[in-house]
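The values are calculated or read from the model by the stated rules, or taken from the named source; none is laboratory data. The structure presented is a predicted model; accordingly, all values stated were derived computationally and were not measured. Glycine also receives a Cβ, built like all others from the backbone with ideal geometry; neighbour counts cover every protein chain displayed.
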Amino acid sequence: MSVTFEPIGKVQIENGRYFIVLDKKHFEATTGLNEYSHIQVIWWFNLYDNKQTREHRVIEKPYVNGPDQVGVFATRSPVRPNPIALTPCVLLDVDQDKHRIEIASIDSEPNTPVLDIKPYQPCIDRVKEVQMPAWCQHWPQYYEDSADFDWSKEFNFEE
C-alpha cells in the first residue's frame, strides 16, 4: 500500500517570526481557526527523508540520561520509517491577505512542508495522568515551560 501526501503549505521564518504560508486553495480551511489559542502542526521532516534514515528502527544513545538504545517509536527523532512530525504551536494571527498563519515558534526549518493543521483541544489532546521513563521525568511538564529548559543538555546530537 502506498500513501501520497500533498503539502498544504510551508514554514517560513522572517525576522525571527514564524509563519505557515498556505497554498491559496487551502486558505479557506482556516475559517474559524483564529478563535483558538493553539494549533497542532503536522509537518514533514523533509531534510531527513531518504532511504537510509527510513530504515532506522533503533537509535544508539539519543538522550544523555537515557538508555543505550531507544526504538524510533519511543523518540521524537526525525529518523524514522515515515518522517512525520507533530508540534503544538501558539497561534498568533491568521493573515488573510498573505494566506499565512503566524505562530510563536516551531521546531522545523524554513521551507519545511506542512501536511495538516488541527486545533489544539484539551478534551482531546491533553492527558491527565502520563507515564514517562525515569530518565526524562525531569523534563518540563508543560509546553510553555520548554522554552526556558536547557534542551542542549538532554540530547546526544551529532555535530
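Couple of notes before you dig in:
Yes or no, residue by residue, for (1) free of Cβ contacts under 8 Å to residues at least 60 places away in the same chain; (2) out of contact with any strand residue (DSSP E or B) (no Cβ under 7 Å at 6 or more places or on another chain); (3) part of a strand (DSSP E or B); (4) in the same structural domain as Arg100 (by TED's automatic domain parsing):
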{"site": "Ser2", "(1), (2), (3), (4)": "yes, yes, no, yes"}
{"site": "Phe5", "(1), (2), (3), (4)": "no, no, no, yes"}
{"site": "Lys10", "(1), (2), (3), (4)": "no, no, yes, yes"}
{"site": "Ile13", "(1), (2), (3), (4)": "no, yes, yes, yes"}
{"site": "Tyr18", "(1), (2), (3), (4)": "no, no, yes, yes"}
{"site": "Phe27", "(1), (2), (3), (4)": "no, yes, no, yes"}
{"site": "Asn34", "(1), (2), (3), (4)": "no, no, no, yes"}
{"site": "Gln40", "(1), (2), (3), (4)": "no, no, yes, yes"}
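- One residue from Leu47, Leu33, Leu22 being at pLDDT below 95 and farther than 30 Å from Gln131 by Cα: Leu47
- Condition met for Val114 (among the β-branched types (Val, Ile, Thr) and over 21 Å from Asn46 (Cα atoms)): no
- Filter result for the condition that a residue is small (Gly, Ala, Ser) and within 20 Å of Ile8 (Cβ to Cβ), over Gly66, Gly32, Gly71: Gly32
- Criterion (under 26 Å from Ser37 (Cβ atoms), among the β-branched types (Val, Ile, Thr), part of a loop (DSSP other than H, G, I, E, B) and without any contact (Cβ under 8 Å) to a residue 60 or more places away in the chain) met by exactly one of Val130, Val90, Val79: Val130
- Test: Glu154 is surrounded by 11 or more Cβ atoms within 10 Å (Cβ to Cβ) and either over 28 Å from Glu28 (Cβ atoms) or touching a Pro at 6+ places or on another chain (Cβ under 9 Å) (or both): yes
- His56 passes every criterion in (1) outside the structural domain of Arg100 (by TED's automatic domain parsing); (2) in contact with a strand residue (DSSP E or B) (Cβ under 8 Å, 6 or more places away or on another chain); (3) of a type outside the set (S, T, N, Q); (4) surrounded by 12 or more Cβ atoms within 10 Å (Cβ to Cβ) apart from (2).
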